[in-house]
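All remarks here apply to the structure that follows.
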Amino acid sequence: MKRQIYFFDTTLRDGEQSPGISLNVQEKVEIAKQLARLGVDVIEAGFPIASPGDFTAVQSIAQQVEGPIITGLARALPQDIDRAYEALKDGKKIRIHTFVATSKIHMEYKLRKTPEQVLQMTSTAVQHAKSLVHDVEFSAEDATRSDPVFLSEVLAAAIEAGATVINVPDTVGYAVPGEFGRLIAYLMAHTPGIDQVILSVHCHNDLGLAVANTLAAIEQGARQVECTINGLGERAGNAALEELAMVLATRSDSYGVQTNIDTKHIYRSSRMVASLTGMNVQPNKAIVGDNAFAHESGIHQDGVLKERTTYEIMTPESIGLSQRRLVLGKHSGRHAFRARLAEMGYSLDEEEMETVFQRFIELADKKKGVSDRDIEAIIENEITEIPEVFQLEYLHVTGGHSAVPTATVRIRRNGVVAEEAACGGGPIDAVYKAIDRACNVAVQLAGYSLQAVTEGKDAIGEVVVRVEDTSGRTHLGRGMSIDIIEASAKAYVHALNKWAYEQSRFKENTVGRGE
């Protein structure tokens, strides 16, 4: 029987720690549900003590997402562990994940603790977590720069205290594959009780070796891999889930292991995370990049047409990406449209279906043909749980080489309509100033990016903006249209709706605490 490799996804914890990413609770739940469909075994939903938002996200995911084990991170401190348990306790399958640093540099400069104190912290923390839940994971932070003998002692103490999973992180991405493999082999041979628990690894990508190091650990007996969608994470990120999953699937002859990952959900998971975080996938990214299954060279094209395996070791369908360029037009009916959505893996309720279909018809009036990527873009832009406090009803922009760019907008806010006009340094600047006046919201534009999500002269453009409010919080908004100015306006209004939603949640929480 093949050895089982468990996938521990930390997109919602380590991935969200990427600079510039801030997900709200609904977005985290949406991603968690997709991770469950993808087949991950463990979802690290957040760091409950870090903020009220993280606590609520972990709590909501534990309550709403079924299938995977849901875990929350906690330092080796009683208050952290208690807070994690409070967030997780209503879940059906839960785990507390606690950690302490074990390298000399971390113990001396960060913790200011002796090795003996760290050993005691490990035992105490794991025992406390074990008193609350059955499943406890312990991580030795900066393990790859720790003394192997001391590291083995710490892991043995955690096992004796009741840990069910032992994690060996390459916290700063310092290890190289041969070295990391030897460390795992040493720990497997010299740590009492390690054969009774699951050995896990968590590799960072500072030297571009996160996936390679993880694979080296699997070869030496590791049974859990910690990773993120699109390789998101601190600094250069983590081992990419999609790369690990497809390596193990494509090269099963080399690794001889099995996983619970349904690879056909990889592409959709990647697109969802990229869209909600605003962190676009580079075109040449392995597995999920736009060029991963593209062939431009005449020699390559000829070879693939004659025999796919000449230049493709995987199929697009294996990750849930259709090769077909489905052409739908304005005369296409709901039945055909619904059937295509089902083929693409989407399951929408009647209200969502009608919303998406109407946007499809509007786009079909402007384009000769609507592709699968167009449909994906529409769904990503329209299916959202954020209430529309602000609605853009009208937009008109004038400008030119010798004309001052001027924008007029009509915004509906909770049934009240406001119309404003403004001039700007360019058409988008004018639109944003007019929206600011109509919405009467004090925010500043903190970031703006534009990319084409489909091909051709009539491609859909996706605009991602970040706005910063007076408290310093940032809110990300997305908008899509074949008109860049319209996409920019939609993105800005979307960001303002997120701001309004967060404001309402803050007021509710304040009232709930009696403040």
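Side notes on the structure shown:
- Within segment 143-172, considering residues that are of a type in the set (Gly, Ala, Ser) and not in a helix (DSSP H, G or I), the one surrounded by the most Cβ atoms within 10 Å (Cβ to Cβ): 163
- When 459, 489 are checked against the criterion of being buried (at least 24 other Cβ atoms within 10 Å of the Cβ) and over 17 Å from residue 277 (Cα atoms), a single residue qualifies: 489.
- Residue list for segment 172-192, filter: in contact with a Lys or Arg (Cβ under 8 Å, 6 or more places away or on another chain) and either free of Cβ contacts under 8 Å to residues at least 40 places away in the same chain or hydrophobic (A, V, I, L, M, F, W, C) (or both): 172, 174
- Residue list for segment 381-406, filter: closer than 26 Å to residue 278 by Cβ, without any contact (Cβ under 8 Å) to a residue 60 or more places away in the chain and assigned to a strand (DSSP E or B): 393
- With respect to the conditions (1) without any contact (Cβ under 8 Å) to a residue 40 or more places away in the chain; (2) among the hydrophobic types (A, V, I, L, M, F, W, C); (3) farther than 24 Å from residue 166 by Cα, residue 47 falls short on a single one, namely (3).
- Reported count of residues in segment 386-440, each being touching a Lys or Arg at 6+ places or on another chain (Cβ under 6 Å) and closer than 16 Å to residue 488 by Cβ, is 4.
- Taken together, 232, 207 contain a single residue that is surrounded by fewer than 21 Cβ atoms within 10 Å (Cβ to Cβ) and aliphatic (A, V, I, L, M), which is 207.
- In the set (1) crowded, with 21+ Cβ neighbours inside 10 Å; (2) modelled with pLDDT under 95, residue 222 fails one condition alone, (2).
- Any hit, segment 180-195, residues being in the same structural domain as residue 136 (by TED's automatic domain parsing), surrounded by 24 or more Cβ atoms within 10 Å (Cβ to Cβ) and under 21 Å from the mean Cα position of the chain (by Cα): no
- Breaking point among (1) at pLDDT below 95; (2) within 20 Å of residue 176 (Cα to Cα); (3) part of a helix (DSSP H, G or I), for residue 247: (1)
- A single entry from 105, 81 fulfils the requirement of being surrounded by 20 or more Cβ atoms within 10 Å (Cβ to Cβ) and either touching a Lys or Arg at 6+ places or on another chain (Cβ under 9 Å) or not assigned by TED's automatic domain parsing to the domain that holds residue 162 (or both): 81.
- Annotation note: Cβ proximity below 8 Å between a residue of segment 344-358 that is closer than 21 Å to residue 316 by Cα and a residue that is modelled with pLDDT under 85 and in a loop (DSSP other than H, G, I, E, B) (sequence gap 6+ or interchain) occurs for 344/322.
- Residue in segment 74-89 that is farther than 30 Å from residue 246 by Cα, among the aromatic types (Phe, Trp, Tyr), at pLDDT 95 or above and more than 18 Å from the chain's Cα centre (by Cα) present: yes
- Within segment 374-388, considering residues that are surrounded by fewer than 19 Cβ atoms within 10 Å (Cβ to Cβ) and under 15 Å from residue 453 (Cβ atoms), the one modelled with the highest pLDDT: 382
- Residue tally, condition buried (at least 24 other Cβ atoms within 10 Å of the Cβ) and closer than 30 Å to residue 499 by Cβ, over segment 17-40: 4
- Scanning segment 431-439 turns up one or more residues that are touching a helix residue (DSSP H, G or I) at 6+ places or on another chain (Cβ under 8 Å) and over 26 Å from residue 363 (Cα atoms).
- Of the residues making up segment 50-71, just one is among the small types (Gly, Ala, Ser) and in contact (Cβ under 8 Å) with a residue 40 or more places away in the chain, namely 57.
- Entirely in segment 441-485, the strands (runs of 3 or more DSSP E) that have 1 or more residues that are within 18 Å of residue 365 (Cα to Cα) and hydroxyl-bearing (Ser, Thr, Tyr): 474-481
The values are calculated or read from the model by the stated rules, or taken from the named source; none is laboratory data. What you see is a predicted model; the values in this text were computed from it and never measured. So basically every Cβ, Gly included, is an ideal-geometry build from the backbone, and we count neighbours across all protein chains shown.
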